[in-house]
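Participant: To start, I am sharing the structure in question, which I have written as structure tokens.
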Amino acid sequence: MAMVAAAVAGPRYGVYMPIEDQQKIAGGGEQDKQRGIMTLLQAEREKTVEIDELYLYKVRKLIKRELTQNNVESGLDLPLMIMGTVLMTLCFCLMNSIGLNAQFDLFSQHTRYNANFGFINTLLSGALSGLLCYLCKKYLFRTNVGNHLFDVRALCNGFLAGAVGVSVGSAGMQPYLAMVAGLISAPCYLLGGLLFRAFQIDDPLENCQIYILPIIWSTFNSALFQDTEGILVPKAENQGADLLGVQVLSLSIITALATVLSWIYFFPMKRLNSLKVPRSIEVLGRDAIMNANSKGLDLKQLIEKIEAVYPEPKKRGC
């Protein structure tokens with residue numbers, strides 16, 4: 001559903017734009033009228049009340065010259081990302097051990113043993129996937145980390161991809177196989193990022209890259225690594241092939257259903273111009289406009305100028 005929404009809505013303003021349009025946005029175009037947003041804001045400041053530098057910094061950060069794919073910190077609140085990763089990891093651990101995905105009653109030693117595996121395997125897979133993504137992503141995507149020492153987004157999202165990549169069958173596989181699942185989940189996440197960039201699908205938080213390919217891999221490894229029915233685990237009566245067929249069929253049906261229903265919703269919304277805000281509001285940010293109004297700063301003329309002089313995005317989505 002998230003991938004369909006991102007594909008239909010199109011990228012944010014300034015992302016995947018030609019370099020000449022980015023220069024015009026930054027005030028470096030050949031035409032005099034293509035002035036940067038700070039030049040327009042300065043004109044507004046001279047006619048209205050004084051505004052603080054935090055507001056100007058907010059507007060400057062929202063100008064997509066800084067919100068590019070080459071800066072991993074752009075537009076992200078890193079403390080919230082770390083906290084969200086911890087909470088999501090805890091949810092996956094509980095779901096895989098004692099949640100609906102586990103279906104253990106915990107009354108016998110054997111089921112408690114499997115519940116322990118469900119918890120620890122999630123952490124093992126996530127840790128290896130996060131480490132591998134942290135080490136490799138900057139070379140594959142040629143990103144920089146701005147004024148940060150570490151690529152926090154690659155570490156957090158890679159960890160989540162590893163937790164997703166083992167979630168289907170984590171309670172029924174040995175820890176060393178969960179580590180193998182995590183090592184393969186990292187390339188799934190990185191490949192998803194490369195595919196989204198190649199097709200110019202804008203997903204700022206990388207939610208789709210975290211879940212799509214890793215969950216497909218999780219569906220497969222649940223049939224490959226299961227203790228009792230896994231294809232790669234030698235047993236007297238191995239029914240892993242049947243389990244794999246059931247998993248693939250279920251995944252195909254759910255994917256088709258979610259894609260069709262999402263398209264039915266998002267495509268008409270886009271045609272009705274109800275899916276994205278106008279270009280001027282996207283450039284400034286609705287919260288920045290609200291803060292300006294609270295300070296007595298009227299941005300009506302500024303919004304009209306942005307609509308008039310800022311180039312139309314060429315990538316509009318499906």
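The values are calculated or read from the model by the stated rules, or taken from the named source; none is laboratory data. None of the values given here were measured: they were computed from a predicted structure. Reconstructed Cβ throughout: ideal geometry from the backbone, glycine too, with neighbour counts over all protein chains shown.
Participant: Tally time: how many residues in region 296-310 are surrounded by 14 or more Cβ atoms within 10 Å (Cβ to Cβ) and either free of Cβ contacts under 8 Å to residues at least 12 places away in the same chain or among the basic types (Lys, Arg) (or both)?
Facilitator: 1
Participant: Could I ask something else about it? Take the residues of region 240-260 that are in contact (Cβ under 8 Å) with a residue 60 or more places away in the chain and within 21 Å of the chain's Cα centre (by Cα): which is nearest to Gly10 (Cα to Cα)?
Facilitator: In this case the residue turns out to be Thr259.
Participant: Return yes or no: is Gln226 over 19 Å from Met3 (Cα atoms), of a type in the set (S, T, N, Q) and either in contact with a strand residue (DSSP E or B) (Cβ under 9 Å, 6 or more places away or on another chain) or surrounded by fewer than 22 Cβ atoms within 10 Å (Cβ to Cβ) (or both)?
Facilitator: In short, no.
Participant: Just checking, how many residues over region 284-295 are in a helix (DSSP H, G or I) and either surrounded by 16 or more Cβ atoms within 10 Å (Cβ to Cβ) or among the polar types (S, T, N, Q) (or both)?
Facilitator: 7
Participant: Here's a follow-up. Tell me which residues, restricted to region 66-97, are modelled with pLDDT under 80 and part of a helix (DSSP H, G or I).
Facilitator: Listed by number, the list holds a single entry, Leu78.
Participant: Got a sec? Which of Ser252, Ser218, Ser262 is surrounded by 17 or more Cβ atoms within 10 Å (Cβ to Cβ), more than 25 Å from Thr122 (Cβ to Cβ) and at pLDDT 85 or above?
Facilitator: Ser262
Participant: Okay, moving on. In region 186-195, which residue that is within 15 Å of the chain's Cα centre (by Cα) and within 19 Å of Asp151 (Cα to Cα) is surrounded by the most Cβ atoms within 10 Å (Cβ to Cβ)?
Facilitator: For region 186-195, the residue satisfying everything is Tyr189.
Participant: What's the number of the only condition in (1) surrounded by fewer than 17 Cβ atoms within 10 Å (Cβ to Cβ); (2) within 28 Å of Ala2 (Cβ to Cβ) that Ile281 fails to meet?
Facilitator: Of (1) surrounded by fewer than 17 Cβ atoms within 10 Å (Cβ to Cβ); (2) within 28 Å of Ala2 (Cβ to Cβ), only one is false for Ile281: (1).
Participant: Another question about this same structure. Consider Ser167 against the criteria (1) assigned to a helix (DSSP H, G or I); (2) buried (at least 24 other Cβ atoms within 10 Å of the Cβ): it satisfies all of them except one. Which criterion is unmet?
Facilitator: Result: Ser167 fails condition (1) only.
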